[in-house]
1. Which of the residues spanning the range 4-54 are β-branched (Val, Ile, Thr), within 25 Å of ASP97 (Cα to Cα) and under 13 Å from the mean Cα position of the chain (by Cα)?
2. I'd like the residue in the range 5-31 that is among the charged types (D, E, K, R) and modelled with pLDDT of 95 or more and, out of all such residues, is farthest from LYS65 (Cα to Cα).
3. Take the residues in the range 76-101 that are hydrophobic (A, V, I, L, M, F, W, C), out of contact with any Gly (no Cβ under 7 Å at 6 or more places or on another chain) and crowded, with 17+ Cβ neighbours inside 10 Å, then tell me which one is nearest to TYR64 (Cα to Cα).
4. Would you check which residues across the range 49-98 are assigned to a strand (DSSP E or B) and of a type in the set (Gly, Ala, Ser) and list them?
5. Give the range 44-75 a look and list any residue that's under 19 Å from LYS32 (Cα atoms), among the charged types (D, E, K, R) and surrounded by fewer than 17 Cβ atoms within 10 Å (Cβ to Cβ), or say none.
Amino acid sequence: MTTTDQNIPATFTAYKTTKLFTHETVPKGFTKEHSTSKGVWALLHVRTGSLQFMIDENGQEAVYKITPDVPRVIVEEQPHHIIIDGPVSFQLEFFRDPAAA
C-alpha cells in the first residue's frame, strides 16, 4: 500500500537508490519545493520514524504522513518537499522506462 492512488508504471525499472538519510543528514534541497524529471518516478521509503510529504500544486498543499508501513510514490514532475518533524531515516528509489534511457 502507498499513499497515492498511482503506481509506478509496470514497464519502469529501478535505476538508483539513495543512501540512507536521517533527520541530521537530510539534504536541504529535499525540504524545499522540487520535482523529479520527466519520465522519472520515485518511491520514498521511511525506514524508521516518520516525515511529512507535501505536494505543492496550483498554490495548494496536500500533506501526507509517511511511515515505514506507508511508502510514497512520487509522480514525475510533481512539485513536492518534505518536512522533518522528528527522528527519521529514509531513502529514495528512482525508476524510469528502460526503453527511454
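The values are calculated or read from the model by the stated rules, or taken from the named source; none is laboratory data. Because the structure is predicted, anything quoted here is derived from the model rather than measured. Every residue, glycine as well, gets a Cβ built from its backbone with ideal geometry; the counts of neighbours run over all protein chains shown.
1. Hits for the range 4-54 are THR4, ILE8, THR17, THR18, THR36, VAL40, VAL46.
2. For the range 5-31, the residue satisfying everything is LYS16.
3. ILE82
4. GLY49, ALA62, SER89
5. Listed by number, the residues that qualify are ASP56, GLU57, GLU61, LYS65.
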